[in-house]
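Working notes for the structure below.
Please treat every number below as a calculation from the coordinates, not as lab data. These numbers come from a predicted model, not from an experiment. Virtual Cβ from ideal backbone geometry, glycine too; neighbours counted across all protein chains shown.
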There are 2 protein chains.
Amino acid sequence: MQKVNIILVGFGRVGRAFYELLKEKYDYCRERYGLFLELKGIIRKSGAVLLSGTGKLVTAAESPGGKPSEPSNWVQVFSLEDLLEEFKSGVVVDCTPSDLKTGEPGYSLMRTALEKGWHVVTASKGALVAHPAELAALAREKQVAIKASGATAAALPTLDVGLHSLAGAEILAIEGILNGTTNYILTRMAEGLSFSRALLEASEKGIAEPNPVQDIEGWDTAAKMVIIANRVLGTEIKLSEIKVNGLRGINEQLVARAASLGKTIKLIGRCSRENPDAPWKVEVGLALLDPDHPLAVVSGSNKGLIFYTDCMGYIVLTGGKSDPRGAGAALIKDIISIYWRDF
Amino acid sequence: MQKVNIILVGFGRVGRAFYELLKEKYDYCRERYGLFLELKGIIRKSGAVLLSGTGKLVTAAESPGGKPSEPSNWVQVFSLEDLLEEFKSGVVVDCTPSDLKTGEPGYSLMRTALEKGWHVVTASKGALVAHPAELAALAREKQVAIKASGATAAALPTLDVGLHSLAGAEILAIEGILNGTTNYILTRMAEGLSFSRALLEASEKGIAEPNPVQDIEGWDTAAKMVIIANRVLGTEIKLSEIKVNGLRGINEQLVARAASLGKTIKLIGRCSRENPDAPWKVEVGLALLDPDHPLAVVSGSNKGLIFYTDCMGYIVLTGGKSDPRGAGAALIKDIISIYWRDF
């Protein structure tokens with residue numbers, strides 16, 4: 001039995017889903033993995049809140065009800081540093097919104113956490129895209145983990161498989177559909193909708209984020225592929241170096257034309273190299289897939305990834321819930337994987 | 001840097017592939033994982049052979065050339081016990097042929113290895129099907145691992161994903177195409193071949209084993225599903241308790257009829273329960289899949305598995321080389337996973 005202190009930073013859609021799921025899974029994680037996953041504090045822009053061991057909210061002001069979903073109940077009492085000092089060791093869970101250029105605010109908070117010897121589990125892409133080598137070196141120095149399932153297709157186990165299930169094999173290329181919004185749009189366009197109609201539908205269904213520009217332009221796919229490549233292949237690819245084409249230029253005629261050729265248009269992120277001595281490169285763009293391509297069947301807001309290897313053939317992963325609850329589950333999985341072994 | 005002693009038992013198709021791949025991957029495993037994977041001995045029915053650290057064969061008789069593929073070069077000098085004593089700790093790799101009823105010879109050799117505190121990595125289903133609880137308890141007592149990727153779809157990471165990538169999630173059902181031979185036969189029958197013609201082709205291509213009865217009758221699928229269920233769900237399902245229907249009764253008419261309904265016939269292993277309080281049960285049999293079922297696209301000798309979960313949606317795995325080299329790679333992966341962490 002082991003106690004794991006958890007500090008959650010960021011309380012948007014994913015942070016809340018993580019918070020709810022952690023309460024729901026507390027007993028299960030204790031029984032199955034021998035881990036007491038204790039949420040000690042939540043930090044958000046508008047304030048920080050400290051929880052008791054049972055997950056009951058204990059704000060400094062002992063606010064009535066203490067519902068974390070009501071910002072009026074939050075009181076700025078603790079900084080991240082205070083909480084890290086107070087609880088000594090554990091996991092900082094980063095659910096802050098990403099800035100892909102600066103990596104902030106994740107970059108600063110991850111550095112603070114790693115410096116103090118805390119593990120980091122993140123749903124946030126920014127810091128890992130902007131400062132991958134520095135953060136990896138710091139984690140190595142402090143002998144703690146940075147786990148990023150939540151930032152790289154969440155419930156679909158891209159990093160687990162790439163790092164662990166393919167251990168010993170050499171990866172020849174990685175190819176994936178990594179963005180639910182654009183795949184939903186392309187799927188609906190193949191069914192006859194216009195781009196704008198399909199986008200509207202994706203927004204109405206809560207698949208597309210309020211501002212879907214990063215998704216539509218391919219940057220979300222690019223960021224995920226860069227994180228996967230850097231972790232799994234040990235590369236140091238920068239987002240600024242790579243060729244990213246999103247859905248720009250797509251229209252009903254193109255989609256119909258693809259269908260008439262028996263093909264499917266998908267937004268594909270790809271990491272490959274021309275030969276074993278050439279540098280790895282990442283590209284994002286529309287691709288025409290044959291019907292027997294393993295990613296051709298990935299429809300709607302689903303995601304999919306293929307690892308091509310030297311001795312294990314190719315491994316295809318598809319599915320995995322792409323909503324906040326799925327992301328929350330991926331964060332919990334990453335925490336468990338830091339502390340639990342199956343023997 | 002860590003030295004890992006390896007003793008290989010069994011030198012059939014998979015054992016040989018493992019042996020070759022281990023030589024090929026020696027440098028890579030040292031550089032990437034800091035592990036010296038040292039094959040110290042190979043034991044087979046006709047004799048045992050001891051290797052030097054570099055993988056060079058050193059038989060007692062210093063046989064010329066020392067090729068392990070030539071049985072005349074093998075000398076019976078060491079028993080498993082001798083080698084375990086000599087090298088103190090490490091991994092025993094079991095590549096012996098399976099007897100699903102008695103679990104032998106794997107059962108005895110696994111017990112011997114575990115008793116002496118050695119980890120076991122196996123490509124052999126028998127022992128895990130016949131004596132799962134006893135072996136698991138022994139491994140727990142000795143705090144060593146039994147890793148069985150090689151016995152449960154090899155390069156397709158069924159156990160990794162079920163145990164680790166879904167940690168914290170509850171699995172609601174598992175469904176899979178786990179046998180390459182029968183899936184190849186059904187694929188070719190859908191393309192117009194008769195059963196016997198398709199089987200002949202599978203044999204000629206080296207997909208079907210010399211005696212494919214266990215595959216055709218569904219017992220191979222059943223054994224793999226039982227191992228996956230017992231490991232991932234913590235059940236203690238016995239092969240003798242479950243309903244197994246293989247390809248018996250299949251014919252061209254049935255396959256054509258399915259196609260006329262727009263469906264595909266697949267041999268599916270399934271583990272499910274009627275409600276969360278009901279016992280888990282495993283079934284194997286032919287199923288009609290809709291074209292959008294994730295396993296409908298699994299063709300030829302490929303395999304596929306779906307985990308249905310409570311909070312991660314469903315995760316689909318397909319692909320993974322199902323030849324001896326893929327199995328050898330899965331064995332190496334399992335060894336690495338015992339010793340290597342990514343932080």
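Checking every one of the GluC sites (Glu not before Pro) in segment B:246-343 against DSSP loop status and a limit of 12 other Cβ atoms within 10 Å picks out B:274. Projected over all directions and averaged, the alpha-carbon convex hull of segment A:159-318 occupies 9.5 nm². For the residues of B:324-333, the average number of beta carbons from a partner chain within 10 Å of their own beta carbon is 4. Restriction of the trypsin sites (Lys or Arg not before Pro) in segment A:205-259 to DSSP coil positions whose beta-carbon has at most 12 other beta-carbons within 10 angstrom yields A:205, A:248. Legend: distances between Cα atoms for B:281/B:333; A:303/B:321; B:88/B:147; A:45/A:266; B:142/B:303; pairs beyond 26 Å are B:281/B:333; A:45/A:266; B:142/B:303. Neighbour counts of C-beta atoms inside 10 Å place B:182, B:187 in the sequence B:187, B:182, starting with the fewest.
The distance separating the Cα centre of segment A:218-295 from that of segment B:177-194 comes to 32 Å. Only beta bridges with both residues in chain B are counted; by DSSP, about 60 percent of them are antiparallel. Placing unit charges on the Cβ atoms only, positive for Lys and Arg and negative for Asp and Glu, gives segment A:159-318 a dipole magnitude near 260 debye about its Cα centre. When each of the peptides A:315-327, B:91-103, B:36-48 is scored by the mean number of other C-beta atoms lying within 10 Å of its residues, the order from highest to lowest reads A:315-327, B:91-103, B:36-48. Per-residue Cβ counts within 10 Å, from other chains only, averaged over A:156-166: what number is that? Average neighbour count from other chains, rounded to a whole number: 6. Using the Cβ of residue B:270 as centre and a radius below 13 Å, the other residues enclosed give a net charge of +2, where K and R count +1 and D and E count -1. P(r) tail, the protein assembly as shown: Cα-Cα pairs separated by more than 49 Å, 15% of all pairs. Once the chain from residue A:292 to residue A:211 is taken as fully extended at 0.36 nm per residue, the excess over their C-alpha distance is 25.8 nm. To the nearest ten degrees, helix B:219-233 and the longest principal axis of the Cα atoms of chain B are 80 degrees apart. Adding -39500 (n - 2.57) for every DSSP H run of four residues or longer, then dividing by how many residues chain B holds, sets the calculated 222 nm ellipticity at -10500 deg cm²/dmol. Mind checking the angle between helix B:106-115 and chain B's longest principal axis? C-alpha axes, 0 to 90 degrees, to the nearest 10. Computed tilt is about 50 degrees. How high is the relative contact order of segment A:159-318, in percent, counting Cα pairs under 8 Å that sit 6 or more residues apart? The value is 35 percent. In a simple Cβ point-charge model (Lys, Arg +1; Asp, Glu -1; nothing else charged), chain B has a dipole of about 360 debye relative to its Cα centre. Listed from fewest to most Cβ neighbours within 10 Å, the set B:225, B:189 follows the order B:189, B:225.
A simple count of charges around residue A:172, restricted to other residues whose Cβ falls under 9 Å of its Cβ and scoring Lys, Arg +1 and Asp, Glu -1, yields -1. Pair-distance distribution of chain B: all C-alpha pairs, bin width 10 Å, starting at 0; shares per bin in whole percent are 6, 25, 32, 23, 11, 3, 0.
Against chain A, whose longest principal axis comes from its Cα atoms, helix A:195-204 is set at around 20 degrees.
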